[in-house]
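Trainee: Shown below is the structure under consideration.
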Amino acid sequence: MKALKKLLHARELSSVLFLIALFLVVGLINPSFLNSSNVSACFNTSVVYTLVAVGMAFTLFIGEIDVSVGANLGIVATVVGSMLRDGAPVPTAILVGILIGAAVGLINGWGVAIMHAPSLIYTLGVCGILRGLMYLYTNGAWVENLPKDFKDFSAVTAVGDLTVYYCAAVVLTIVIWILTTKTRHGRYFIAVGDNANGAQLVGIPATRVKVIAYVICGVLSAVAGIIFTSRIGFVTADSGDGYEMKAIAACVLGGISLVGGVGSVIGAAVGAVIMASISYLLVFMGFSSNYDNAITGIILIVIVVVDALIQHRSVVKNYHARLLARVSPDQAVAGATEKGVE
């Protein structure tokens, strides 16, 4: 009973219910949508968004943000794709891609956690640098002619119509959720986001935790870039553009607060499915997929406003609670008696 009550109060539950309702509404409009292949396609399409959103979740946990995830994905996809095109072994290309992602995360962590630069501005600058490097590396040309086996692997299924990539992303998300909620060091991220100074006072290395959060975000963005290359089969000069907005929207839609200290990676993964499915669902509803960005923007604005209202309500409630706590029981009784006499 206690576990059920906890589930009903989970912030992630609303995003799960929203996803189910979204599928049902589209199914009512176009019954042909509700079959296993179409529903599975929504999940399979979300694999890249899921990894980017889970990585973004770590930066939001600590009360910061990383808007360079899309460019990080793009530069990794560009390098890995060009290496594979030129005959490099797949493991070598993957290792190089992950190291690039970790390096970008480390640079972001250094700037935000150690140099105390505003995370939005700093990571935006890193995003611009990475985009410039992509153009210099490719001269603006597409990276094509990738190995057939590498591209074909993206279609290999593991459970039903769900691909190996998506199943692996789900397993990774669950492992990360267990580590961040059931282990002492894993809970450091939420603690730092809730109150960095307080966490520091109780012995939590807040600076190190922030750097690690950015490194994890960078690595997951790199993995997303590698899978992106396999799924798409080529890399353009603007690959990954706009992924940061969808990742942020997915996280907040999944119950992660923009001010830090609240949420879980499960919510981010569910939100990623919703954001990735918009284009696919629009087609079944008879609309053009060109509305995708507009709808994403509307969803982002709505959930940010709602999150802000929830935070404001929480602050006001805590303030009133502190005021009441300052009144002694005797004073409270006397005040009530005096009011009754009047």
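The values are calculated or read from the model by the stated rules, or taken from the named source; none is laboratory data. Note that the structure is a prediction, hence the values are computed from the model and not measured. Here Cβ is always computed from backbone atoms with ideal geometry, including for glycine, and neighbour counts include all displayed protein chains. For accessibility, only protein heavy atoms count, side chains too; no ligands or nucleic acids. Shrake-Rupley method; radii C 1.70, N 1.55, O 1.52, S 1.80 Å.
Trainee: Stretched out fully, how many nm does the piece from Ser36 to Leu99 gain, at 0.36 nm a residue minus the Cα gap?
Mentor: 19.0 nm
Trainee: Run a plain Debye calculation on the stretch 103-216 (Cα atoms as equal point scatterers, no solvent) and give log10 I(q)/I(0) at q = 0.12, 0.21 Å⁻¹, rounded to two decimals, same order as the q list.
Mentor: Computed log10 I(q)/I(0) values: -0.71, -1.09.
Trainee: Sticking with this one: Give a residue-ordered list of calculated ³J(HN,Hα) values for the stretch 40-52 (Karplus: 6.51 cos²θ - 1.76 cosθ + 1.60, θ = phi - 60°; whole Hz; x for Gly, Pro).
Mentor: After applying 6.51 cos²θ - 1.76 cosθ + 1.60, I find 4, 4, 4, 6, 4, 5, 7, 4, 5, 4, 4, 5, 5 Hz.
Trainee: Next question. Tell me, what HN-Hα J-couplings in whole Hz come from the Karplus equation 6.51 cos²θ - 1.76 cosθ + 1.60 at θ = phi - 60° for each residue of the stretch 139-154, using x for Gly and Pro?
Mentor: Running phi through 6.51 cos²θ - 1.76 cosθ + 1.60 with θ = phi - 60° gives 6, x, 8, 6, 9, 10, 6, 7, x, 4, 4, 5, 6, 5, 5, 5 Hz.
Trainee: Further question on the same structure: For the chain, which whole percent of the accessible surface, found with a 1.4 angstrom probe, sits on carbon and sulfur atoms?
Mentor: 68 percent
Trainee: Kindly report, to the nearest 10 Å², the accessible surface of Leu282 as traced by a 1.4 Å probe over protein heavy atoms only.
Mentor: Approximately 10 Å² for this residue.
Trainee: How much area per residue is accessible in the stretch 100-187 when the probe is 1.4 Å and only protein heavy atoms are counted (Å²)?
Mentor: For the stretch 100-187, the per-residue accessible area is 59 Å².
Trainee: Return one number: the angle in degrees, 0 to 90 and rounded to the nearest 10, between the long axis of the Cα atoms of helix 265-284 and the longest principal axis of the Cα atoms of the chain.
Mentor: 60 degrees
Trainee: Choose one answer from Ser288, Ser46, Ser68: the residue with the largest mean-square fluctuation in a GNM of the chain with alpha-carbon springs under 10 Å.
Mentor: Checking each option, the largest mean-square fluctuation is seen for Ser288.
Trainee: Evaluate the relative contact order of the stretch 45-183 (contact order divided by residue number), counting alpha-carbon pairs under 8 angstrom at least 6 apart; express in whole percent.
Mentor: Over the stretch 45-183, the number comes to 30 percent.
Trainee: Turning to a different aspect of this structure: Pick out which of His320, His185, His116 has the largest mean-square fluctuation in a Gaussian network model of the chain, springs linking Cα atoms closer than 10 Å.
Mentor: Taking springs between Cα atoms under 10 Å, the residue moving most is His320.
Trainee: First check a/c for the stretch 161-255, with a ≥ b ≥ c the square roots of the eigenvalues of its C-alpha gyration tensor; if it is under 1.5, answer rounded, and if not, answer prolate when a/b is larger than b/c or oblate otherwise.
Mentor: Here the stretch 161-255 falls in the prolate category.
Trainee: OK, next. How large is the dipole of the chain about the Cα centre if only Lys and Arg carry +1 and Asp and Glu carry -1, each at its Cβ, rounded to the nearest 20 debye? Walk me through the intermediate numbers first.
Mentor: Details: 20 positive and 17 negative charges, 177 e Å.
Computed about the Cα centre, the dipole is about 840 debye.
Trainee: What is the helix-to-structure angle for 206-232, meaning the angle in degrees between its Cα long axis and the longest Cα principal axis of the chain, kept from 0 to 90 and rounded to the nearest 10?
Mentor: The angle comes out near 40 degrees.
Trainee: Answer rounded, prolate or oblate for the stretch 1-152, using the Cα gyration tensor with square roots of eigenvalues a ≥ b ≥ c: rounded when a/c is under 1.5, else prolate when a/b is larger than b/c, else oblate.
Mentor: Oblate.
Trainee: Report Rg/Rh for the chain, rounded to two decimals, where Rg is the Cα radius of gyration and Rh the Kirkwood radius.
Mentor: Looking at the chain, the ratio lands at 1.05.
Trainee: Let me ask something additional. Around Val192, with a cut-off of 11 angstrom between Cβ atoms, what is the net charge of the other residues, counting Lys and Arg +1 and Asp and Glu -1?
Mentor: It works out to a net charge of +1.
Trainee: Something else: Testing the spin-label approximation: label points 7 Å from Cα along Cα→Cβ at Asp152 and Gln200. State their distance in nm.
Mentor: According to this spin-label approximation, the distance is 5.6 nm.
Trainee: Ordering Thr123, Thr45 by accessible area with a probe of 1.4 Å, largest first, what comes out?
Mentor: Descending order: Thr45, Thr123.
Trainee: Right, something else. What dipole magnitude, in Debye to the nearest 20, does the stretch 69-203 give about its Cα centre under +1 on Lys/Arg Cβ and -1 on Asp/Glu Cβ?
Mentor: Numbers: 7 positive and 6 negative charges, 62 e Å.
Roughly 300 debye for the stretch 69-203.
Trainee: Something else about it: In whole Hz and in residue order, list the ³J(HN,Hα) couplings for the stretch 105-116 that follow from phi through the Karplus curve 6.51 cos²θ - 1.76 cosθ + 1.60, θ = phi - 60°; x for Gly and Pro.
Mentor: The phi angles translate into x, 5, 5, 5, x, 4, x, 7, 7, 9, 8, 6 Hz.
Trainee: Moving to a separate point now. Under the rule of at least 5 residues apart or a separate chain, name every residue whose amide H is placed under 5 Å from the amide H of Val262.
Mentor: Those qualifying (amide H under 5 Å, at least 5 residues apart or on another chain) are Ser257.
Trainee: Quick one: which residues, 5 or more positions from Ala158 or on another chain, have an amide H under 5 Å from its amide H? H modelled 1.01 Å from N in the peptide plane, none for Pro or chain starts.
Mentor: Under 5 Å from the amide H of Ala158 lie the amide H atoms of Thr163, Val164, each far enough along the sequence or on another chain.
Trainee: Among Gly242, Gly193, Gly81, which one shows the highest mean-square fluctuation when the chain is modelled as a Gaussian network with alpha-carbon springs under 10 Å?
Mentor: So, out of Gly242, Gly193, Gly81, the one fluctuating most is Gly242.
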